[in-house]
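Here the structure comes first, spelled out in structure tokens, and everything after it is commentary.
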Ligand code: NAD
Ligand code: ZN
């Protein structure tokens, strides 16, 4: 079968022919219907060889956002049937520890020890004609939802949903939230905030196209992402700042804005993987500010996100590419010219 692989560190991913995999005991084989392109892959592909080889040794099949049709069940696998259209929950855990039993598989401490890794981030990913899912537990039924339009719910929507839910008590009527970066994750964050909170949403992005896109997605205001944005946010909040700041960029330039944007007693959440450093010291942030570095989301939260899409409360904006054009999709992500998410369709 055809697969899109990161083969050589520093080079663009390319198509590689590999044998169609066989599901082992308890596993599920999916015929892939869609695979999403995430900036985290781009981050991994920007890392030096010694780091890549210790954490995600090349070559490997990319794709941690996956959707497919159940094609075959391994021995003893049950709970799904051949022909079911499903989404793949990506942050696979052991399924037995106290984190996993609550659905927080992304926090599973056993996974590292037992070498359980997410598809596309240690296990073969979704950018192929077929993929193996380690357990039916990691599949969420799509029903008649379009897989191409839904695949990015598994990360681009799940990750901001998980972050927003923990700050929801601070996002009631009259509150303000700043969303930094209106790309794949950011455009879903804006829609989720409008659907489940009472907050005024202010988007910051360096790209004028992305600012216009943010307004289209429901943001109340959009400003260029630079130190002048602090005054704009203060003006809109009676000089106090935003109750919650969600940074989907995480570079030093955006991390530096966070302490200036947030109100006392607010939340700052660093979601973007951009190597920016936020110095934590007394008075480094306004008094009583909470800092969080959230990772992906919980299995029950993916079910909730899919339900929001089913009810029309949120919608992934995407550009579709063939598997052969996967490298082009990553190039467009790198250029910052995508509208929403890029989705590969094998
Ligand atoms: P994306 O490329 O689709 O979007 C990034 C957006 O940020 C673009 O709109 C771009 O114009 C904007 N941007 C770039 N530099 C900026 C700056 N200095 N100020 C303001 N805006 C700026 O990326 P994505 O796929 O949405 O991913 C966003 C980030 O989230 C990435 O760093 C990714 O690695 C990370 N991520 C984290 C998790 C997690 O679990 N914490 C999960 C998925 C992705
Ligand atoms: Zn991702």
Ignoring everything except DSSP H segments at least 4 long, calculate the 222 nm mean residue ellipticity for the chain; use -39,500 (n - 2.57) per segment, divide by total residues, nearest 500. -7000 deg cm²/dmol
Anisotropy class of the stretch 158-292 from Cα gyration tensor, a/c 1.5 cut: rounded
Would you mind calculating the gained length between residue 304 and residue 235 on full extension (0.36 nm times residue separation, minus the Cα-Cα distance), in nm to one decimal? 21.3 nm
Which FRET efficiency value, to the nearest 0.05, do you get for residue 12 and residue 288 by plugging their Cβ-Cβ distance into 1/(1 + (r/R0)^6) with R0 = 35 Å? 0.15
Where does helix 184-196 land angle-wise versus the long Cα axis of the chain, in degrees 0 to 90, nearest 10? 70 degrees
Using only alpha carbon pairs under 8 Å that are at least six residues apart, calculate the relative contact order of the chain and give it in whole percent. 19 percent
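To the nearest 0.05, how large is the calculated FRET efficiency for residue 215 and residue 1 if R₀ is 56 Å and r is the Cβ-Cβ distance? Spell out each step's value before the answer.
Numbers: r = 42 Å, r/R0 = 0.75.
Computed FRET efficiency for residue 215 and residue 1 comes out at 0.85.
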At R0 = 22 Å the Cβ-Cβ FRET efficiency linking residue 146 and residue 324, nearest 0.05, sits at 0.55
Arranged by the count of other C-beta atoms within 10 angstrom, fewest first, what order do 187, 64, 138 take? 138, 64, 187
Using only Cα atoms, find the angle between the long axis of helix 326-335 and the longest principal axis of the chain, and express it within 0 to 90 degrees, rounded to the nearest 10. 10 degrees
Cα centroid separation, the stretch 16-36 to the stretch 106-178 (Å): 18 Å
Between helix 158-167 and the chain, what is the angle of the helix's C-alpha long axis to the longest principal axis, kept within 0 to 90° and rounded to the nearest 10? 40 degrees
I need the fraction of alpha carbon pairs in the chain separated by more than 31 Å, rounded to a whole percent. 32 percent
Bridge orientation stat for the chain from DSSP, antiparallel percent rounded to 5, came to 50 percent
Considering Cα pairs under 8 angstrom that are at least six residues apart, work out the relative contact order of the stretch 1-88 and quote it in whole percent. 36 percent
Would you list 22, 234 from fewest to most Cβ contacts within 10 Å? 22, 234
By counting other Cβ atoms within 10 Å of each Cβ, how are 311, 339 ranked from fewest to most? 311, 339
Between the stretch 246-260 and the stretch 265-310, the alpha-carbon center distance in angstrom: 12 Å
Shape descriptors of the stretch 1-140 over alpha-carbon atoms, Rg and Dmax in angstrom, are 14.8, 42
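Rule-based calculations on the coordinates, nothing more; no lab input. On a predicted model such as this, the values are computed, not experimentally measured, just so you know. As a convention, Cβ positions derive from the backbone with ideal geometry for all residues, glycine included, and neighbour counts pool all protein chains shown.
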